[in-house]
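Novice: First the structure, which I've put down as structure tokens, then a few questions once you've had a look.
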Amino acid sequence: MPRIAYVNGRYVPHLSAQVHIEDRGFQFADGIYEVVALIDGKLCDEVGHLDRLERSLREIDIAMPMSRRSLQVVMRQMVSRNRIKNGALYIQVSRGAAARDFKFPAPDVHPTLVMTLRYMSFDIAARKAGAKPVVTVPDIRWKRRDIKSTALLAQVLAKQAGVAKGAAEAWMVDDKGFITEGSSSNAWIIDAKGRLLTRPASGNGILKGVTRSALQALCKAEGIELVERAFTPAEAYKAREAFTSSATALIMPVSSIDGHKIGNGKIGPITDKIYDLYMAYATDPARKQQKWDPR
Ligand code: PMP
């Protein structure tokens with residue numbers, strides 16, 4: 001069974017899937033992407049990811065390459081043609097292929113739509129057992145971090161700086177000394193009072209994670225106190241527990257931050273509970289899809 005990719009209307013073998021060298025996604029990182037987890041055959045938080053895709057595209061003036069309904073048909077085709085039940089569905093929309101020129105191309109240039117699907121295991125017991133180190137790095141990104149842009153160079157460098165120090169994720173720190181988010185995840189800590197802290201998504205300072213939104217709703221329903229405020233690395237070092245959230249890493253327990261051990265270096269009880277709540281939500285066949293609120 002070859003892996004199948006989708007490129008502009010065609011389902012093609014993954015190995016030979018290609019876009020033109022003058023695609024603006026390649027030339028300028030002029031595009032938007034989404035990553036959706038496929039867990040036990042279900043696209044997790046599909047509605048939220050599509051809401052955010054539409055919003056990101058609107059913010060940079062790229063038209064939806066097709067209707068949401070049609071996109072959902074392609075997404076399902078990708079799942080059935082690749083014959084896998086667990087993985088990561090990647091969707092990218094670029095401004096299309098045109099002779100290299102910074103300004104937008106002519107209106108008849110159609111956005112490029114690409115999808116890939118990669119197998120991934122969601123062994124939750126193993127993931128829970130795998131608390132991982134995080135380091136902090138300066139946040140050198142542009143100011144529209146609310147847009148899920150394919151321009152990820154700052155995050156690539158942040159992640160690699162983390163990996164070079166043996167960390168699984170890098171938490172980025174803004175000019176005022178506050179943690180913004182992970183290179184590909186949102187950052188959370190649990191303080192001495194047992195409150196959950198995460199940075200507010202207002203002001204375009206972070207990407208408003210779809211997983212983050214789901215966790216907020218679940219914590220609210222469960223009576224877990226959540227405070228949306230920015231925190232510093234010094235506060236994070238003293239946290240009782242810490243974790244990151246993202247569509248495919250789900251909830252990653254953090255064992256240390258810049259070498260400061262968090263709790264006993266393993267997943268803490270509140271993180272463990274939040275993980276269970278999230279998995280129950282993500283895998284409930286009758287679950288209500290959470291709408292992603294752009295505000
Ligand atoms: N922040 C950044 C910078 C990210 O790249 C991601 C992952 N896409 C997230 C947060 C988490 O977002 P989500 O939960 O929607 O995957």
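The values are calculated or read from the model by the stated rules, or taken from the named source; none is laboratory data. Just so you know, these numbers come straight off a predicted model, no measurement behind them. Methodologically, a virtual Cβ is constructed for each residue, glycine included, from the backbone with ideal geometry; neighbour enumeration extends over all protein chains shown. For the accessible areas, the whole protein counts, side chains as well, though only heavy atoms, and no ligand, DNA or RNA atoms are used. Shrake-Rupley method; radii C 1.70, N 1.55, O 1.52, S 1.80 Å.
Novice: Quick check, is THR244 under 19 Å from the mean Cα position of the chain (by Cα), in a strand (DSSP E or B) and not acidic (Asp, Glu)?
Specialist: For THR244, the condition - under 19 Å from the mean Cα position of the chain (by Cα), in a strand (DSSP E or B) and not acidic (Asp, Glu) - is met.
Novice: Then there is this: Kindly provide the set of residues from the stretch 254-266 that are away from the ligand (no atom under 16 Å from the Cβ) and under 21 Å from the mean Cα position of the chain (by Cα), ordered by number.
Specialist: Within the stretch 254-266, SER255, ILE257 meet the criteria.
Novice: Could you go through the stretch 87-110 and let me know if any residue there is in contact (Cβ under 8 Å) with a residue 40 or more places away in the chain, in a helix (DSSP H, G or I) and either in the same structural domain as ALA167 (by TED's automatic domain parsing) or within 16 Å of the ligand (Cβ to nearest atom) (or both).
Specialist: no
Novice: I'd like to know if the stretch 152-168 contains one or more residues that are touching a residue at least 60 places away in the same chain (Cβ under 8 Å), open to solvent by 50 Å² or more (accessible area, probe 1.4 Å) and away from the ligand (no atom under 13 Å from the Cβ).
Specialist: No, the conditions are met nowhere in the stretch 152-168.
Novice: Within the stretch 138-155, can one find any residue that is assigned by TED's automatic domain parsing to the domain that holds ILE224, of a type in the set (Gly, Ala, Ser), in contact with a strand residue (DSSP E or B) (Cβ under 9 Å, 6 or more places away or on another chain) and not in a loop (DSSP other than H, G, I, E, B)?
Specialist: Within the stretch 138-155, one or more residues are assigned by TED's automatic domain parsing to the domain that holds ILE224, of a type in the set (Gly, Ala, Ser), in contact with a strand residue (DSSP E or B) (Cβ under 9 Å, 6 or more places away or on another chain) and not in a loop (DSSP other than H, G, I, E, B).
Novice: Next up: Restricting to the stretch 5-26, name every residue that is in contact with a helix residue (DSSP H, G or I) (Cβ under 9 Å, 6 or more places away or on another chain), among the aliphatic types (A, V, I, L, M) and surrounded by 16 or more Cβ atoms within 10 Å (Cβ to Cβ).
Specialist: ALA5, VAL19
Novice: I'm trying to understand the selection: among the residues of the stretch 27-65, which are surrounded by fewer than 16 Cβ atoms within 10 Å (Cβ to Cβ) and not in a helix (DSSP H, G or I)?
Specialist: The answer is ALA29, ASP40, GLY41, ILE60, ASP61, ALA63.
Novice: Could you check, for the stretch 123-146, whether at least one of its residues is away from the ligand (no atom under 16 Å from the Cβ), free of Cβ contacts under 8 Å to residues at least 40 places away in the same chain and within 28 Å of VAL74 (Cα to Cα)?
Specialist: Yes, that holds for at least one residue.
Novice: Further, regarding this structure: Residues of the stretch 203-215 being within 13 Å of the ligand (Cβ to nearest atom) and part of a helix (DSSP H, G or I), which ones?
Specialist: ASN204, VAL210, THR211, ARG212, SER213, ALA214, LEU215
Novice: Further question: Residues in the stretch 216-237: is at least one within 16 Å of the ligand (Cβ to nearest atom), under 17 Å from the mean Cα position of the chain (by Cα) and in a strand (DSSP E or B)?
Specialist: Looking through the stretch 216-237, none of the residues is within 16 Å of the ligand (Cβ to nearest atom), under 17 Å from the mean Cα position of the chain (by Cα) and in a strand (DSSP E or B).
Novice: Those residues that are part of a loop (DSSP other than H, G, I, E, B) and among the hydrophobic types (A, V, I, L, M, F, W, C), I need them from the stretch 66-86; list them, please.
Specialist: Correct list: MET66, ILE84.
Novice: Same structure again: For the stretch 255-270, indicate whether the set of residues that are of a type in the set (Gly, Ala, Ser), touching a residue at least 12 places away in the same chain (Cβ under 8 Å) and part of a strand (DSSP E or B) is non-empty.
Specialist: yes
Novice: Looking at the stretch 205-240 only, could you name the residues that are small (Gly, Ala, Ser), touching a Ser or Thr at 6+ places or on another chain (Cβ under 9 Å) and surrounded by fewer than 19 Cβ atoms within 10 Å (Cβ to Cβ)?
Specialist: Initial filter on the stretch 205-240 (small (Gly, Ala, Ser)): 205, 209, 213-214, 217, 221, 223, 230, 234, 236, 239.
Remaining after also requiring touching a Ser or Thr at 6+ places or on another chain (Cβ under 9 Å): 205, 209, 214, 230, 236.
Across the stretch 205-240, the qualifying residue is only ALA230.
Novice: Now, a different point. Determine if the stretch 180-195 includes at least one residue that is more than 20 Å from GLN155 (Cβ to Cβ), within 15 Å of the ligand (Cβ to nearest atom) and open to solvent by 10 Å² or more (accessible area, probe 1.4 Å).
Specialist: From the stretch 180-195, those more than 20 Å from GLN155 (Cβ to Cβ) are 189-195; that's our starting set.
With within 15 Å of the ligand (Cβ to nearest atom) added as a condition, the list becomes none.
Scanning the stretch 180-195, I find no residue that is more than 20 Å from GLN155 (Cβ to Cβ), within 15 Å of the ligand (Cβ to nearest atom) and open to solvent by 10 Å² or more (accessible area, probe 1.4 Å), so the answer is no.
Novice: Has the stretch 158-169 got any residue that is among the polar types (S, T, N, Q) and either part of a helix (DSSP H, G or I) or closer than 26 Å to ASP51 by Cβ (or both)?
Specialist: yes
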